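Asks: First the structure, then my questions, so here it is.
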Amino acid sequence: MVVKVFSTASCPFCVALKNYLKEHSIEFEDIDVAENETAQKEMIEKSGQMGVPVVEIDGEIIIGFDHEKIKKLLNIKD
Amino acid sequence: MYDTIIIGGGPAGITAGIYAARKKLNTLLITKEWGGQIIKAPDIQNWPGEKSISGPDLMRKMVDHLKTFELEVKEDREVIDLEKKGDNFMIRNDKDEEYETKTVIIATGKIPRYLNIPGEEEFKGKGVSFCSTCDAPMFKDKEVAVVGGGNAGFDTAVDLTKYAKKIYILEFLEEMKGDSVTKDKLEKTGKVEFYTNVTVKEIKGRRPGGASGPEGKDFVESLIYEDRDTGEDKELKIQGIFIAIGMMPKAGFAEGLVEFNEIGEIKVDKHNNTKTPGLFAAGDIGDVKYEQIVIAASQGAISALAAYDYLKKK
């Protein structure tokens with residue numbers, strides 16, 4: 001399973017999301033779109049919007065820290 | 001049948017939950033999301049016991065603490081209706097679930113105030129933002145507008161000066177209301193222009209690459225404002241617009257059972273009673289003067305204890 005998180009350092013929901021993934025021992029690629037303009041373009045292209053965080057799970061795009069969807073795609077039970 | 005239902009998952013609702021559970025009330029807490037406004041705070045320095053903590057971290061600690069108690073929690077749900085049923089209350093949420101309870105604590109807090117103009121909803125996340133802490137880095141070398149010339153607008157502009165190349169601050173009133181110290185700081189960057197006595201009327205966008213671009217991928221391109229000195233409509237080319245015109249309470253679901261003040265906050269007495277016995281309001285949704293995390297939490301505590309006393313006397 002490939003998990004990518006497009007985020008910025010300052011965004012509170014990004015921090016919350018990344019903590020959530022860490023708590024459930026999910027490995028992910030952490031992409032800072034403030035620093036990496038190519039990644040920023042990729043994120044906007046894929047999600048059709050510019051709000052962070054955006055999570056990509058095996059090619060599926062989730063906008064925002066959407067608990068329900070993330071839980072479902074990652075098979076997290078709690 | 002519940003003893004109490006708490007609506008809201010910010011500091012007021014969470015604290016009410018802790019107190020209600022400790023009093024062994026059969027408690028349900030319904031919330032759309034956790035944390036409320038504190039999730040947007042990058043650094044909190046006035047919560048006793050924490051010298052410096054981020055909003056999301058404080059929220060996580062509060063939720064962890066709450067969940068050590070025995071109470072029921074329903075997340076991702078918004079309450080849309082509250083009614084009396086005899087001595088009790090009926091609550092309905094947006095997933096069409098209904099609950100009956102003896103008491104209710106409303107702790108729904110405040111949400112950002114909208115301009116209510118065309119394009120605002122359509123371009124949310126596509127150039128329109130209500131959170132500069134979240135979105136400012138996305139506007140590197142871009143031109144942006146900040147609507148609201150109070151302290152919230154100024155703070156938003158300060159966040160943006162690190163990234164944007166040009167910032168317009170638009171204020172409805174004849175003068176900027178934010179602190180002049182911050183205004184000086186903004187002026188010194190040479191990036192900020194201040195417009196007063198203007199009304200923002202519309203946000204416009206387009207598809208990247210013109211009308212032939214992919215559908216549903218429009219982004220903000222400009223805003224229309226009226227210069228009220230001349231009565232003229234003008235267009236400002238910008239790629240981002242940050243709305244910082246304050247917060248508003250949202251408790252329409254309680255209409256009829258509570259009294260609202262002129263800005264839509266629920267009127268409460270010093271024990272957080274509303275005009276309906278058994279119905280309490282805590283935190284920023286109430287007509288409290290000082291809106292602070294510690295005050296919201298303390299009101300949550302008072303509400304839960306008052307609900308407990310109310311149940312005991314019944």
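The values are calculated or read from the model by the stated rules, or taken from the named source; none is laboratory data. Everything numeric in this text was worked out from a predicted model, so none of it was measured. Cβ coordinates were reconstructed from backbone atoms using ideal geometry, including for glycine residues, and neighbour counts include every protein chain displayed.
Asks: Tally time: how many residues in region B:120-148 are more than 9 Å from every other protein chain (Cβ to nearest Cβ), surrounded by fewer than 23 Cβ atoms within 10 Å (Cβ to Cβ) and either free of Cβ contacts under 8 Å to residues at least 24 places away in the same chain or under 17 Å from the mean Cα position of the chain (by Cα) (or both)?
Replies: 3
Asks: Please list, ordered by residue number, the strands (runs of 3 or more DSSP E) wholly in region B:1-115 having 3 or more residues that are under 20 Å from the mean Cα position of the chain (by Cα) and free of Cβ contacts under 8 Å to residues at least 60 places away in the same chain.
Replies: Of the strands (runs of 3 or more DSSP E) lying wholly inside region B:1-115, those with at least 3 residues that are under 20 Å from the mean Cα position of the chain (by Cα) and free of Cβ contacts under 8 Å to residues at least 60 places away in the same chain span B:27-34.
Asks: Right, next: Can you name the number of the only condition in (1) under 9 Å from the mean Cα position of the chain (by Cα); (2) more than 22 Å from residue B:76 (Cβ to Cβ); (3) crowded, with 16+ Cβ neighbours inside 10 Å that residue A:42 fails?
Replies: The failed condition is (1).
Asks: Of the residues B:57, B:43, B:81, B:96, only one is modelled with pLDDT of 95 or more and either closer than 30 Å to residue B:241 by Cβ or not assigned by TED's automatic domain parsing to the domain that holds residue B:224 (or both); which?
Replies: B:81
Asks: While we're on this one: Of the numbered conditions (1) touching a residue at least 40 places away in the same chain (Cβ under 8 Å); (2) closer than 24 Å to residue B:93 by Cβ, residue B:277 fails exactly one; give the number of that condition.
Replies: Of everything listed in (1) touching a residue at least 40 places away in the same chain (Cβ under 8 Å); (2) closer than 24 Å to residue B:93 by Cβ, residue B:277 misses just condition (1).
Asks: Test residue B:230 against the stated conditions and say whether it is assigned to a loop (DSSP other than H, G, I, E, B), touching a residue at least 12 places away in the same chain (Cβ under 8 Å) and surrounded by fewer than 19 Cβ atoms within 10 Å (Cβ to Cβ).
Replies: no
Asks: If you don't mind, another one. Among the numbered criteria (1) over 27 Å from residue B:34 (Cβ atoms); (2) in a strand (DSSP E or B), which single criterion is violated by residue B:190?
Replies: Exception for residue B:190: condition (2).
Asks: What residue, of B:169, B:117, is more than 14 Å from chain A (Cβ to nearest Cβ), over 26 Å from residue B:288 (Cα atoms) and touching a Gly at 6+ places or on another chain (Cβ under 6 Å)?
Replies: None of the other options fit; the residue is B:169.
Asks: Suppose we filter B:181, B:198 for residues that are over 20 Å from residue B:135 (Cβ atoms), modelled with pLDDT under 95 and assigned by TED's automatic domain parsing to the domain that holds residue B:121; which single one remains?
Replies: B:181
Asks: Next question. Test residue B:103 against the criterion of being among the β-branched types (Val, Ile, Thr), surrounded by fewer than 16 Cβ atoms within 10 Å (Cβ to Cβ) and either touching a His at 6+ places or on another chain (Cβ under 9 Å) or in the same structural domain as residue B:259 (by TED's automatic domain parsing) (or both), and give yes or no.
Replies: Against the criterion (among the β-branched types (Val, Ile, Thr), surrounded by fewer than 16 Cβ atoms within 10 Å (Cβ to Cβ) and either touching a His at 6+ places or on another chain (Cβ under 9 Å) or in the same structural domain as residue B:259 (by TED's automatic domain parsing) (or both)), residue B:103 does not qualify.
Asks: Could you check how many residues of region B:45-76 are more than 11 Å from chain A (Cβ to nearest Cβ) and either crowded, with 16+ Cβ neighbours inside 10 Å or not β-branched (Val, Ile, Thr) (or both)?
Replies: Number satisfying all stated conditions: 19.
Asks: Another one. Within region A:20-29, is even one residue under 21 Å from residue B:131 (Cα atoms) and of a type in the set (Gly, Ala, Ser)?
Replies: No: region A:20-29 contains no residue that is under 21 Å from residue B:131 (Cα atoms) and of a type in the set (Gly, Ala, Ser).
Asks: Here is a further query. Which members of region B:20-43 meet the condition of being farther than 30 Å from residue B:310 by Cβ and surrounded by 17 or more Cβ atoms within 10 Å (Cβ to Cβ)?
Replies: Within region B:20-43, the subset farther than 30 Å from residue B:310 by Cβ is B:39-43.
Scanning region B:20-43 gives B:39, B:40, B:41.
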